[in-house]
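Novice: First, the structure itself, so that you have it in front of you.
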Amino acid sequence: MKLLVCIKQVPDLESRFKPDAAGVWYNETDLAFRMNEYDEYAVEQAVQLREKLGEGTELTVLSIGPDRVVEAIKKALAMGCDNAVHIQDTAVSAKDPWQIASIISTYVQGKNFDLIFTGMQSQDRGSAQVGVTVAEQLGFACTTTIVGFDYADGTVTAKRELEGGIKGVVKLKTPALVTCQLGLNVPRYPTLPNIMKAKRKEITAIPVADLLTADLLATTTSFHPPAKKGGGIVLEGDVGELVDKVIAILKDKTAVLR
Amino acid sequence: MKTLLIGEYREGKLLDSTYELFGFAAQLGADTAMLLVGSDAQLPAYGGTLYLADASVCGEYSPDLHKQLILEAVQKENPDYIVFVHSSYGWDLAPRVAASLKVAQVSEIVGLVDGGFEVGCCNAKMRRTVKPASGRGVLTIQAGAYPVLQPGGSPAVQKITAAGGGSLEFVGYEAAEKKDVDLGKAEIIVSAGRGIGKKDNVPVILALAKALGGELGASRPVVDAGWVEHSHQVGTTGQTVSPKLYVACGISGAIQHLAGMKKSDFIIAINKDKDAPIGEIADVLVVADVMQFVPALTAKVAR
Ligand SMILES: Cc1cc2nc3c(=O)[nH]c(=O)nc-3n(C[C@H](O)[C@H](O)[C@H](O)COP(=O)(O)OP(=O)(O)OC[C@H]3O[C@@H](n4cnc5c(N)ncnc54)[C@H](O)[C@@H]3O)c2cc1C
Ligand SMILES: Nc1ncnc2c1ncn2[C@@H]1O[C@H](COP(=O)(O)O)[C@@H](O)[C@H]1O
């Protein structure tokens, strides 16, 4: 069986974001990058299936982006992916989800993948489009937001998470694509021996120009902070003083303390 | 300008979020038609054209069939925009429709600005303005971002149907886990977020909850990591709460968390990041290390 997991590298979201020169995305200077949280669940699920199926199964991890994304790829390899594809693109942030999906689909075409895992959304762009669009472009069966996964004999049984904690149980025949939600599993931390082993795994580099055929369907015209609604008070300073201020506010503004 | 609004129906009921679509269309100043895979017995209070497919025939979750139905209505209506709620139904179906039509999708819209759509990004800390390249597009609106608007009246129903197997089989629903705590009735909730750092720190947050006479709440990562039971989770996939006081400890303020607690009377957030989106709705944002501030506050409250 051939498995693929698509990962994106995103900035640490506790960072402070500033617009880039064109004012349409963030400036990358001073940002630390890591694997998109949703994709960690996707990698873990793919690795678990890879382990369950054993010999004869191959798990590839794919990421589109500049050279820095190799760090995220290495993590996925250390978690247990067999090999990797780095689609080199220094202008990835200027592409829309349709183009990102098309690049992935063009790569996948003709390679007989049975099952593709993606995150349900990326934390920086958060469009929740790439996975489903890839499935649609390839004609794969697809379900989204999974919090439960099982595979046997060409059939995926997945649990979709719905609002309010209700779940929907779905069966799909391969070839299929699933988008993974937080809490699907417990992503492993790569161990030192596995990090060492991963260094010998193959990373195939492909220039994005070889795979990009689709045009942009949407453009971003601005990247900016939300308009401040105001109203709230911001307290900063010494912890002792902060506590006194909060106690005073609780007494003054709420019926919680007297 | 014309919109085709896609209503939502689950477990035999029209979902209230359907009316947020009318709220959005009104702000857009657009004409509307609606499509619903639902039932005769649950028609929306809306006087316009309603393309109605029977959910007992077409399924409540059968994306291939629902896509076919939508494409059929698009043929008839030729709308500029096809609009979904950004929900488990909408984010699943919208990209399929957009891909079939080869038009842009804009996800999780929170606002309208000079011919473009404003959407959140970077965990709700920032915004982007997005414009579809062609005049047409598939849109999803952020749940709760637009007012519920009931246009009133009875729809002019046009029945539609689709056939075929589809590429997946819907087996059924699984009910939400039983809750051992009803946070909905709590007057004071102190919630732990990922910012508390580790499971060992949960008792520190619980101690403040106890000192204030309240209950312990939690954000999703804290529950997913097994630090706190799911029954304490606040948010779209947890509980919706409206206490007199909500204290958010190390919680960034993602939309799915806010959806569960924004109706609280008074909100205090403790976060080391002054820009955390929780600051948008907090009455008081305490910029501090949660593990330094919370024990100090508990000590004073307990006194
Ligand atoms: C479909 C869907 C449904 C979801 N449902 C829910 C839901 O029901 N409930 C929910 O909560 N989430 C839900 N989520 C997840 C949500 O999007 C966020 O990922 C989540 O709410 C983040 O939790 P957090 O704020 O605890 O963690 P983070 O976003 O990681 O934030 C941690 C915060 O702690 C602060 N911090 C770090 N260290 C310290 C310190 N020492 N002192 C003070 N502050 C510190 C950081 O500045 C940061 O703001 C859902 C997501 C999806 C896609
Ligand atoms: N640059 C990328 N490289 C590889 N996979 C990606 C990339 N961008 C998005 N994805 C995948 O698509 C999912 C959804 O992303 P998005 O549509 O941006 O929310 C992510 O969780 C990834 O699995």
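Novice: If B:S87 meets every condition in (1) under 20 Å from the mean Cα position of the chain (by Cα); (2) buried (at least 24 other Cβ atoms within 10 Å of the Cβ) apart from one, which number is that one?
Specialist: Only one criterion in (1) under 20 Å from the mean Cα position of the chain (by Cα); (2) buried (at least 24 other Cβ atoms within 10 Å of the Cβ) is unmet by B:S87, namely (2).
Novice: Given B:E215, B:E174, which one is over 30 Å from A:T254 (Cα atoms) and at pLDDT 95 or above? Even if it seems obvious, please write down each step before you answer.
Specialist: Values: B:E215 fails: over 30 Å from A:T254 (Cα atoms).
Answer to the check: B:E174.
Novice: Outside any helix (DSSP H, G or I), within 16 Å of the chain's Cα centre (by Cα) and over 20 Å from A:V208 (Cβ atoms) - does that describe any residue in region A:61-76?
Specialist: No, region A:61-76 has no match at all.
Novice: From the list A:G168, A:G237, which one is out of contact with any helix residue (DSSP H, G or I) (no Cβ under 6 Å at 6 or more places or on another chain) and within 30 Å of B:G213 (Cα to Cα)?
Specialist: On the way: A:G168 fails: within 30 Å of B:G213 (Cα to Cα).
Every option except A:G237 fails the conditions.
Novice: Moving on to the next point. For region B:242-255, which positions are part of a loop (DSSP other than H, G, I, E, B), at the interface with chain A (Cβ under 10 Å from one of its Cβ atoms) and within 21 Å of B:D224 (Cβ to Cβ)? Spell out how you get there, then give the answer.
Specialist: Taking region B:242-255 first, the residues part of a loop (DSSP other than H, G, I, E, B) are B:242-244, B:250-254.
Among the residues that remain, those that are also at the interface with chain A (Cβ under 10 Å from one of its Cβ atoms) are: B:243-244, B:252, B:254.
Hits for region B:242-255 are B:S252, B:A254.
Novice: Filter region B:144-169 down to the residues that are of a type in the set (A, V, I, L, M, F, W, C) and buried (at least 16 other Cβ atoms within 10 Å of the Cβ) and list them by number. Please lay out each step first, then the result.
Specialist: Restricting attention to region B:144-169, the residues satisfying the condition of being of a type in the set (A, V, I, L, M, F, W, C) are B:145, B:148-149, B:156-157, B:160, B:162-163, B:168.
Those that are of a type in the set (A, V, I, L, M, F, W, C) and buried (at least 16 other Cβ atoms within 10 Å of the Cβ): B:A145, B:L149, B:I160, B:A162, B:L168.
Novice: Moving on to the next point. Checking the structure you have, find out if any residue of region A:9-29 is near ligand 2 (Cβ under 10 Å from one of its atoms) and farther than 25 Å from A:Q109 by Cα.
Specialist: From region A:9-29, those near ligand 2 (Cβ under 10 Å from one of its atoms) are A:9-10; that's our starting set.
The next check asks that each one be farther than 25 Å from A:Q109 by Cα; those that pass are A:10.
Yes, that holds for at least one residue.
Novice: Starting from residues that are under 20 Å from B:I160 (Cβ atoms) and more than 22 Å from the chain's Cα centre (by Cα), keep the ones in region B:1-31 and report whichever is farthest from the other protein chains (Cβ to nearest Cβ).
Specialist: Initial filter on region B:1-31 (under 20 Å from B:I160 (Cβ atoms)): B:2-10, B:12, B:14-15, B:18, B:21, B:31.
Narrowing the set further to residues that are more than 22 Å from the chain's Cα centre (by Cα) leaves B:2, B:31.
Numbers: B:K2: 20, B:D31: 23 Å.
Among them, the one singled out is B:D31.
Novice: Conditions first: (1) closer than 18 Å to A:N112 by Cα; (2) of a type in the set (D, E); (3) at pLDDT below 95. A:D30 passes all but one, so which condition is the exception?
Specialist: Only one criterion in (1) closer than 18 Å to A:N112 by Cα; (2) of a type in the set (D, E); (3) at pLDDT below 95 is unmet by A:D30, namely (1).
Novice: Looking at A:V169, A:V243, A:V234, which is the one that is surrounded by 18 or more Cβ atoms within 10 Å (Cβ to Cβ), farther than 30 Å from B:S134 by Cα, in contact with a Lys or Arg (Cβ under 7 Å, 6 or more places away or on another chain) and at the interface with chain B (Cβ under 7 Å from one of its Cβ atoms)?
Specialist: Just one listed residue meets the conditions, A:V243.
Novice: Further, regarding this structure: Kindly provide the set of residues from region B:256-286 that are over 22 Å from B:K185 (Cα atoms), out of contact with any helix residue (DSSP H, G or I) (no Cβ under 8 Å at 6 or more places or on another chain) and either more than 8 Å from every other protein chain (Cβ to nearest Cβ) or near ligand 1 (Cβ under 6 Å from one of its atoms) (or both), ordered by number.
Specialist: Residues satisfying the conditions are B:D273, B:A276.
Novice: Right, B:P243: buried (at least 22 other Cβ atoms within 10 Å of the Cβ) and farther than 23 Å from B:L206 by Cβ or not? Outline the logic, then answer.
Specialist: Values: buried (at least 22 other Cβ atoms within 10 Å of the Cβ): yes; farther than 23 Å from B:L206 by Cβ: no.
So B:P243 fails the test.
Novice: Out of the residues in region A:120-158 meeting the condition of being facing another protein chain (nearest Cβ under 7 Å) and more than 17 Å from the chain's Cα centre (by Cα), tell me which one is farthest from ligand 2 (Cβ to nearest atom).
Specialist: A:A141
Novice: Do the conditions hold for A:T204, that is, is it in a loop (DSSP other than H, G, I, E, B), among the β-branched types (V, I, T), more than 10 Å from chain B (Cβ to nearest Cβ) and touching a residue at least 12 places away in the same chain (Cβ under 8 Å)?
Specialist: Details: in a loop (DSSP other than H, G, I, E, B): no; among the β-branched types (V, I, T): yes; more than 10 Å from chain B (Cβ to nearest Cβ): yes; touching a residue at least 12 places away in the same chain (Cβ under 8 Å): yes.
Here the answer is no, as A:T204 does not meet what is asked.
Novice: What residue, of A:F113, A:F149, A:F117, is in a loop (DSSP other than H, G, I, E, B) and aromatic (F, W, Y)? Give the steps one after another, and end with the answer.
Specialist: Values: A:F149 fails: in a loop (DSSP other than H, G, I, E, B); A:F117 fails: in a loop (DSSP other than H, G, I, E, B).
Going through A:F113, A:F149, A:F117 in turn, the sole match is A:F113.
The values are calculated or read from the model by the stated rules, or taken from the named source; none is laboratory data. Remember, it's a predicted structure, so these values are computed and weren't measured experimentally. With ideal geometry, Cβ positions are generated from the backbone for all residues, glycine too; neighbour counts draw on all protein chains shown.
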